[in-house]
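Chemist: Quick one: the structure is below, questions incoming.
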Amino acid sequence: MSIAVIYGGTRPHGNTETLTKHAIHGIEVEEIYLNNHNILPIIDMRHDVEGFQNRNDDYNAIIERVLQHDTLIFATPIYWYSMSGTMKNFIDRWSHSMRDNNFPDFKADMSNKKAYVIAVGGDNPSIKGLPMIEQFKYIFEFMGLKFKGYVIGKGNQPGDIHADKVALFQAEALREELRVK
């Protein structure tokens, strides 16, 4: 089993990254930091005769890396009851991949994968993060990804996640689950 962690945060070494690293400690994974790449927003050309055009950014290279793995961990801060804009922009581009000749089997390839979500928010995240979890659930369902679970942690200021013993425990349980696979 190979694992890719897709980080959607914009703060280096932020709470989401810290919790995720706790979950994957000692496990070989490929870490993809979306914020370190140029991923342009989608231009919806589904109904254009020419279809989607290459955006000349880093998206295709990233999605090629993602497709090599059978387990994906989406790590994102909780912003306004949802995923980060960086993560959302990346997922929006999947619409392009589903119609791109470079990825003729994109949806089928994604449907062979398992997915987890790790998220951290500052104010009552176990409640306010649920709309985001539902959003991921529907995205994964549409793509055929098997949604295996999530961890939501609480942290606002840098380092706050270390005080969330429940999230740290859940991250350790996820680590054990990932090791068994």
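Chemist: Hand me the list of strands (runs of 3 or more DSSP E) wholly inside segment 1-102 holding 2 or more residues that are within 19 Å of Met132 (Cβ to Cβ) and open to solvent by less than 10 Å² (accessible area, probe 1.4 Å).
Modeler: Ranges flagged: 3-7, 71-77.
Chemist: Another one. If Glu50 satisfies all but one of (1) in contact with a strand residue (DSSP E or B) (Cβ under 6 Å, 6 or more places away or on another chain); (2) at pLDDT below 95, what's the number of the condition it fails?
Modeler: Only one criterion in (1) in contact with a strand residue (DSSP E or B) (Cβ under 6 Å, 6 or more places away or on another chain); (2) at pLDDT below 95 is unmet by Glu50, namely (1).
Chemist: Continuing with the same structure: Are any of the residues in segment 118-135 part of a loop (DSSP other than H, G, I, E, B) and within 17 Å of the chain's Cα centre (by Cα)?
Modeler: Among the residues of segment 118-135, at least one is part of a loop (DSSP other than H, G, I, E, B) and within 17 Å of the chain's Cα centre (by Cα), which makes the answer yes.
Chemist: Another question, then. Please go through (1) open to solvent by 60 Å² or more (accessible area, probe 1.4 Å); (2) in contact with a Ser or Thr (Cβ under 9 Å, 6 or more places away or on another chain); (3) in a loop (DSSP other than H, G, I, E, B); (4) of a type outside the set (S, T, N, Q) for Lys107 and return the number of the only condition it doesn't satisfy.
Modeler: (3)
Chemist: Hey, can you tell me all the residues within segment 152-181 that are hydrophobic (A, V, I, L, M, F, W, C) and either over 21 Å from the mean Cα position of the chain (by Cα) or part of a helix (DSSP H, G or I) (or both)?
Modeler: Within segment 152-181, Ile161, Ala163, Val166, Ala167, Leu168, Phe169, Ala171, Ala173, Leu174, Leu178, Val180 meet the criteria.
Chemist: Of the conditions (1) surrounded by 14 or more Cβ atoms within 10 Å (Cβ to Cβ); (2) within 19 Å of Asp70 (Cα to Cα), Glu176 satisfies every one except a single condition; which number is it?
Modeler: Glu176 satisfies all of (1) surrounded by 14 or more Cβ atoms within 10 Å (Cβ to Cβ); (2) within 19 Å of Asp70 (Cα to Cα) except (1).
Chemist: Same structure again: Does Lys165 satisfy being within 21 Å of Lys88 (Cβ to Cβ) and charged (D, E, K, R)?
Modeler: Spelling it out, it is not the case that Lys165 is within 21 Å of Lys88 (Cβ to Cβ) and charged (D, E, K, R).
Chemist: Could you list, in sequence order, the residues of segment 110-119 that are out of contact with any Lys or Arg (no Cβ under 8 Å at 6 or more places or on another chain) and open to solvent by less than 10 Å² (accessible area, probe 1.4 Å)? Reasoning before the result, please.
Modeler: Filtering segment 110-119 for residues out of contact with any Lys or Arg (no Cβ under 8 Å at 6 or more places or on another chain) gives 110-112, 117-119.
Across segment 110-119, the qualifying residues are Met110, Val117, Ile118, Ala119.
Chemist: Any chance segment 68-88 includes a residue that's farther than 23 Å from Val151 by Cα and out of contact with any Lys or Arg (no Cβ under 6 Å at 6 or more places or on another chain)?
Modeler: yes
Chemist: Any residue in segment 133-155 that's open to solvent by 20 Å² or more (accessible area, probe 1.4 Å): show its pairings with residues that are of a type in the set (Ser, Thr, Tyr) and in a helix (DSSP H, G or I) at Cβ separation under 9 Å, as long as the two are six or more apart or on different chains.
Modeler: From residues that are open to solvent by 20 Å² or more (accessible area, probe 1.4 Å), the pairs are Ile152/Ser126; Lys154/Ser126.
Chemist: Against the condition of a type outside the set (A, V, I, L, M, F, W, C), closer than 20 Å to Ile3 by Cα and part of a loop (DSSP other than H, G, I, E, B), how does Asn112 come out, does it pass? Talk me through it step by step, then tell me what you get.
Modeler: Numbers: of a type outside the set (A, V, I, L, M, F, W, C): yes; closer than 20 Å to Ile3 by Cα: yes; part of a loop (DSSP other than H, G, I, E, B): yes.
Yes.
The values are calculated or read from the model by the stated rules, or taken from the named source; none is laboratory data. Note that the coordinates shown come from a computational prediction; the quantities given were computed from them, not determined experimentally. Glycine also receives a Cβ, built like all others from the backbone with ideal geometry; neighbour counts cover every protein chain displayed. Accessible surface is based on the protein model in full, side chains and every heavy atom, while ligands, DNA and RNA are left aside. Shrake-Rupley method; radii C 1.70, N 1.55, O 1.52, S 1.80 Å.
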